[in-house]
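Colleague: Have a look at this one before I ask anything.
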Amino acid sequence: MYGLVDCNNFYASCERVFRPDLEGKPVAVLSNNDGCIIARSQEVKDLGVPMGAPMFKWKDTIEQQGIAVFSANSSLYGDLSSRVMNVLKDNCPTVEVYSIDEAFLDLSLIPRDQLGDYCAQLKSQVRKWTGIPVSIGVAPTKTLAKLANHIAKKNPKANGCWLLMGTEQKRLSSIEVGEVWGVGRRLSKRLNIAGINTVWQLSQMNKALARDMASVNMERTIRELNGEPCLALELTQQPRQRILVSRSFGHDVSSYNSLRAAIVTYATRAGEKLRKQDSHTQSISVFIHTNPFSDSAPQYKGSLEIPLDHPSNDPSVLANAASMGLKHIFKEGYSYKRGGVMLDQVLPKHVAQLCLFSARPEQHKLGGVLDAINAKMGSNAIRFAATDVGSEWQMNQNRRSPRYTTRWSDLKVVA
DNA sequence: TCTGGGGTCCTAGGACCC
DNA sequence: TCTGGGGTCCTAGGACCC
């Protein structure tokens, strides 16, 4: 049996942990630049505010309803996430951390008649030790466990836990097919056209037809809905094959030097991610574009991939390559709104295709030294001078809560 | 008139997830 | 005025190899 533990309205719940006065009140969390609403407490969902809603379109509702709005505080969410995961790992030997707010558990060792108590106890321990409310779904496959979790959240009688076997025709007939893990907006539409509207109908669909219609994934989904496990727990974290760092700018940027400051910052951040997973990259791509939402301003998108002679994770190599790429795609006279870098050919450090025509470069220690200093003195304590140019590109974050758990200066004071 | 039978690698595009 | 930021996997088609 698999369990899926999912934190309820995770970011909104994190904000409440140190602000218990917000319990029972509407809470929303914004994306970078305070642009969109990306997390909503139940009260906000009940008000009809959709996921991803642009903030400026909902200003009136926010004011009228007294919604507490926060800028994204990723250090807080990351820290509370690892606390939740640690409680799960204390209780269960086999845990797959699936995302910042979800984990699959292997519950095959728990006797069937004790599963209910086990989940209820786990749920209350997570709440008590971390302040985060969770829901737990249990089922013979991961796909069903996801669905069970959905029921645990929606059904008031569930008490936050639900067990699902996949044979419950009546219940599965009452859930829309789009709720199934792996069935997104497009597939839902196509399935609806084919007359498949509910989870139960999908579970009864012909597997070969499904494979034809979509891909082998949909066949797996159907098998999983019927209780046949096709997806195992993934217990070791695979290194990323692609690393992307991109941001919308706080304000439009038109000067080359400011743009370069942003791009070099992103390249540096990408390098940190690369070194953290002990990888290097064979190329770095740079892209910039203007604001696609603007009707009046002229539009431009530019991108370029810079191959490296040797795979590298050296910050100066990455920064130089990124600047060089930017120089080629930059065009005077546009207002840029967003830029980023992408490392597309990421390899483990011991795998390297060397260049026939040049010697293998010396391994520099710069990256490691930078990482060590920034770990000790605070991120960005040491950085490239080129990144200190201009400030238009810096992110707007006007409503961020304190980093209660990761900064001495932000510790909550009890008077 | 008739034209084999295997393969691999790469890329773009589409779909999904959080 | 103001619209997020990451990721993965699959398939088809083109190009190449013997």
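Colleague: Within straight cross-link reach of A:Lys331, meaning Cα distance under 20 Å, which aspartates and glutamates are found once same-chain residues fewer than 8 apart are removed?
Modeller: A:Asp252, A:Asp295, A:Glu305, A:Glu392
Colleague: Moving on. List the lysines whose Cα lies under 20 Å from the Cα of A:Lys57, skipping any in the same chain that are fewer than 8 positions away.
Modeller: Those lysines meeting the cut-off are A:Lys45, A:Lys337.
Colleague: Can you give me the distance in nm between label points at A:Gln353 and A:Asp309, each placed 7 Å from the Cα along the Cα-to-Cβ direction?
Modeller: 1.7
Colleague: Whole-Hz Karplus ³J(HN,Hα) for segment A:17-32, in order, using 6.51 cos²θ - 1.76 cosθ + 1.60 and θ = phi - 60°, x for Gly and Pro?
Modeller: 4, 9, 9, x, 5, 8, 4, x, 10, x, 10, 10, 10, 9, 6, 3
Colleague: Report the local net charge at A:Val346: Lys and Arg +1, Asp and Glu -1, summed over other residues whose C-beta lies under 15 Å from its C-beta.
Modeller: Details: positive: A:Arg240, A:Arg242, A:Arg269, A:Lys273, A:Arg275, A:Lys276, A:Lys349; negative: A:Glu272, A:Asp278, A:Glu305, A:Asp314, A:Asp344.
Once all neighbours under 15 Å are counted, the net charge is +2.
Colleague: What does the charge count around A:Lys207 come to, taking other residues whose C-beta lies under 13 Å from its C-beta (Lys +1, Arg +1, Asp -1, Glu -1)?
Modeller: Numbers: positive: A:Arg211, A:Arg220, A:Arg223; negative: A:Asp212, A:Glu219, A:Glu224, A:Glu228.
With Lys, Arg at +1 and Asp, Glu at -1, the neighbours total -1.
Colleague: Given points 7 Å out from each Cα along the Cα-Cβ axis, report the A:Ala372 to A:Ser409 separation in nanometres with one decimal.
Modeller: 2.6
Colleague: Once amide H atoms are placed 1.01 Å from N in the peptide plane, what residues at a sequence separation of 5 or more from A:Met395, or on another chain, have their amide H within under 5 Å of its amide H?
Modeller: A:Gly250
Colleague: Using only the alpha-carbon atoms, how far is helix A:315-329 inclined from the longest principal axis of chain A? Give it as 0 to 90 degrees, nearest 10.
Modeller: So the inclination is approximately 80 degrees.
Colleague: To the nearest 20 debye, what charge dipole does chain A have about its Cα centre, counting +1 at the Cβ of each Lys and Arg and -1 at the Cβ of each Asp and Glu?
Modeller: Numbers: 51 positive and 39 negative charges, 38 e Å.
With Lys and Arg at +1 and Asp and Glu at -1, about 180 debye.
Colleague: Counting other beta carbons within 10 Å of each residue's own, what order do A:Val183, A:Val216, A:Val97 fall into, fewest first?
Modeller: A:Val216, A:Val97, A:Val183
Colleague: I've got another one for you. Compute the FRET efficiency between A:Arg112 and A:Gln277 as 1/(1 + (r/R0)^6), taking r as their Cβ-Cβ distance and R0 = 45 Å, and round to the nearest 0.05.
Modeller: That pair, A:Arg112 with A:Gln277, gives E of 0.70.
Colleague: Right, next: To the nearest 0.05, how large is the calculated FRET efficiency for A:Asn380 and A:Met55 if R₀ is 30 Å and r is the Cβ-Cβ distance?
Modeller: 0.70
Colleague: I would also like to ask the following. Set Lys and Arg Cβ to +1 and Asp and Glu Cβ to -1, take the dipole of segment A:243-388 about its Cα centre, and tell me which of A:Pro292, A:His364, A:Ser254 lies farthest positive.
Modeller: Working it through, the farthest residue towards the positive pole turns out to be A:His364.
Colleague: Sticking with this structure for a sec: What percent of all Cα-Cα pairs in chain A falls into each 10 Å bin, going from 0 up to the bin containing the maximum distance?
Modeller: That works out to 4, 17, 23, 27, 20, 7, 1, in percent per bin.
Colleague: Residue farthest toward the positive end of the dipole of chain A, with Cβ of Lys/Arg at +1 and Asp/Glu at -1: which of A:Pro311, A:Gly182, A:Pro348?
Modeller: A:Gly182
Colleague: How big is the gap, in Å, between the Cα center of segment A:1-41 and the Cα center of segment A:155-234?
Modeller: Distance between centres, Cα-based: 27 Å.
Colleague: Separation between the A:Gln237 and A:Arg399 pseudo-spin-labels, each 7 Å from Cα along Cα→Cβ, expressed in nm?
Modeller: 3.0
Colleague: How much mean residue ellipticity at 222 nm does chain A get from its helices, if each DSSP H run of length 4 or more adds -39500 (n - 2.57) and you divide by all residues, to the nearest 500 deg cm²/dmol? Mind dumping the intermediate values first?
Modeller: Values: 14 runs with 151 residues, N = 415.
Mean residue ellipticity at 222 nm (helix-derived): -11000 deg cm²/dmol.
Colleague: Given A:Lys89/A:Lys153; A:Lys276/A:Lys412; A:Lys25/A:Lys146; A:Lys123/A:Lys146; A:Lys123/A:Lys153; A:Lys153/A:Lys189, which pairs have Cα atoms separated by over 20 Å?
Modeller: Correct reply: A:Lys89/A:Lys153; A:Lys276/A:Lys412; A:Lys25/A:Lys146; A:Lys153/A:Lys189.
Colleague: Among residues other than A:Ser82 whose Cβ falls under 13 Å from its Cβ, what is the net charge (Lys/Arg +1, Asp/Glu -1)?
Modeller: My count for the surroundings of A:Ser82 gives -1.
Rule-based calculations on the coordinates, nothing more; no lab input. Remember, it's a predicted structure, so these values are computed and weren't measured experimentally. Using ideal geometry, Cβ is built from the backbone for each residue, glycine included, and neighbour counts are taken over all protein chains shown.
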